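One structure is given below, encoded as structure tokens.
The values are calculated or read from the model by the stated rules, or taken from the named source; none is laboratory data. Quick caveat: nothing in here was measured; it's all calculated off a predicted structure. All Cβ positions, glycine included, derive from the backbone under ideal geometry; neighbour counts span all protein chains shown. All accessible areas refer to the heavy atoms of the entire protein, side chains included, with ligands and DNA or RNA removed. Shrake-Rupley method; radii C 1.70, N 1.55, O 1.52, S 1.80 Å.
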Amino acid sequence: MTATVGKSVQLRVERAGPLALLQDAGRFGVRRLGVTQGGPADIHAWAWANHLLGNQWGAAALEITFGGLSLIAEGDARLALAGADLEATLDDEPLEPWSRFDVRAGQRLRFGSPKNGLRAYLAVPGGFLAEPVLGSVAGVAREGLGGHDGQGGKLKKDDTLIFQPGHEEGELPEVPSAGERPDYSRPARLALIPGAQIAEFDGGSLFAAFNRPWQVDDRADRMGVRLIGPELTCGVSSMISEGIGLGAVQVPPDGQPIVLLNDRQTIGGYPRLGALTPLACARLAQCLPGHEVRLHAQALSSAQAEYRHFLQIFPASRE
């Protein structure tokens, strides 16, 4: 069931792309039930899309993966776009990522193919309206939770997304500076906090992990991303399953790391190098198959300071 409050605006799905899901900040406090967090794969772009409209932290935005989506506006509103360049157009006129734009009833918003990055985020005033499931509207298809339909479903033809048109109250935030807009075409440098079983990997493996390039495999989704590169060897052959956090870098017996993302399982039994930081996960989420990435170690205190600095951009954020 979809929540509505007073007069609302709709976006109707004319053509559904490969994967478009509603994502708020995520579903927390339920991992003890075996339920994962969901939320935006790229928290950086998601946060900026909402911020451009002055939305509160946690407002539900639309995560569009690979493009291929066409929406018809059934009302007037101001929207915002951040993240990947998916060749978005409004009535065939190009739209720039990291910007606000106005739509009128009857206009067509289209997303083409990935030009720079993989995931774009479309924000609306106050966030899209949907019924929370376990405290969140984050869509997790694997668990059948959240999203526009309450069952984690991706958008389909003739689905509708509902939101309030909003109203102007003073100046909206400035668009992000060039330094806040990543160039997703460049090799990704990903910060990893060492931990877990890192001491169990041999010296050659550790040197290779942090000094040789990796490539994103085509086996990648919102659950995790496999990296292809040097074979890593660990002295731990079996272990009791442990809780798995965002960004955990597991190394299965084939020696090829798997970075676990938002829709990951809640426990796992492979040894781990450690975990990518949230901002490193966001950057990885924009990498197409074949993209080059490099890992570098970062101290926990440094990673926490970096993330706090990021959150300070958004006045209504919470850690």
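Could you pull out the trypsin sites (Lys or Arg not before Pro) across region 220-319 that fall in loop regions by DSSP (anything but H, G, I, E, B) with no more than 11 other Cβ atoms inside 10 Å? Don't skip to the answer; put the middle values down first.
On the way: sites: 222, 226, 264, 272, 283, 294, 308, 318; in loops: 222, 264, 318.
Passing sites in region 220-319 are 318.
Percent of Cα-Cα pairs per 20 Å bin, from 0 to the last occupied bin, for the chain, please list those.
Answer for the chain: a P(r) of 33, 56, 11, 0 percent.
Per residue, what accessible area does region 53-122 have, given a 1.4 Å probe and all protein chains present, in Å²?
On the way: 2530 Å² over 70 residues.
Here the residues of region 53-122 average 36 Å² of exposed surface.
For region 96-127 and region 206-256, compute the distance between their C-alpha centroids and round to whole Å.
34
Pop out the carbon and sulfur fraction of the accessible area of the chain as a percent, whole number, probe 1.4 Å.
Values: 7030 of 14040 Å².
On the chain, the fraction of accessible area on carbon and sulfur atoms equals 50 percent.
When ligands, DNA and RNA are left out and all protein chains stay put, how many square angstrom of accessible area per residue does region 178-309 have with a 1.4 Å probe? Walk me through the numbers before you get to the answer.
Details: 5980 Å² over 132 residues.
On a per-residue basis, region 178-309 sits at 45 Å².
Provide, as a two-decimal number, the C-alpha radius of gyration of region 116-264 over 2.2 N^0.38 Å, N being how many residues it has.
Working: Rg = 20.2 Å, N = 149, 2.2 N^0.38 = 14.7 Å.
Ratio of Cα Rg to 2.2 N^0.38 Å: 1.37.
Test of the criteria: in region 65-115, which trypsin sites (Lys or Arg not before Pro) are in a DSSP loop and have at most 16 other Cβ atoms within 10 angstrom of their Cβ?
Values: sites: 78, 100, 104, 108, 110, 115; in loops: 104, 115.
Here the trypsin sites (Lys or Arg not before Pro) that fit, given the DSSP loop and packing criteria, are 104, 115.
How do 193, 240 stack up against each other in accessible area, from largest to smallest, with a 1.4 angstrom probe? Each step should come with its number before you reach the end.
Working: 193 40, 240 145 Å².
Largest to smallest exposure gives the sequence 240, 193.
Can you pull a Stokes-Einstein diffusion coefficient for region 1-142 at 4 °C (1.567 mPa s), Rh from Kirkwood over Cα pairs, as a whole number of µm²/s? Can you show the working numbers first?
Details: Rh = 15.2 Å.
Result for D is 85 µm²/s.
In region 131-170, which trypsin sites (Lys or Arg not before Pro) fall in coil by DSSP and have 16 or fewer other Cβ atoms within 10 Å? Write down the numbers at each step before the final one.
Numbers: sites: 142, 154, 156, 157; in loops: 154, 156, 157.
Those that pass, being in a loop and sparsely packed, are 156, 157.
Just check region 193-312 against the gyration tensor rule for me: Cα atoms, a ≥ b ≥ c as the square roots of the eigenvalues, rounded for a/c under 1.5, and otherwise prolate or oblate depending on whether a/b exceeds b/c. Don't skip to the end; give the middle numbers.
Values: a/c = 1.32, a/b = 1.22, b/c = 1.08.
In terms of gyration-tensor shape, rounded.
Starting from the Cα of residue 115, draw a straight line to each of the aspartates and glutamates and keep only those under 15 Å, dropping any in the same chain fewer than 8 residues away.
Straight-distance partners of residue 115: 85, 87, 96, 183.
What would the Debye equation give as log₁₀ I(q)/I(0) for region 185-251 at q = 0.15 Å⁻¹, counting only Cα atoms as equal point scatterers?
Debye curve over Cα of region 185-251, log10 I(q)/I(0) at q = 0.15 Å⁻¹: -0.56.
Please work out the Kirkwood hydrodynamic radius for region 106-182, using every pair of different C-alpha atoms, and report it in angstroms with one decimal place.
Working: mean 1/r = 0.0650 Å⁻¹.
By the Kirkwood definition, the hydrodynamic radius is 15.4 Å.
Classify region 100-149 from the C-alpha gyration tensor, please: rounded if a/c falls under 1.5, else prolate or oblate depending on whether a/b exceeds b/c. Present the calculation step by step, with values, prior to reporting the outcome.
Numbers: a/c = 2.47, a/b = 1.43, b/c = 1.72.
Oblate shape, in that a/c is at least 1.5 and b/c is the bigger or equal ratio.
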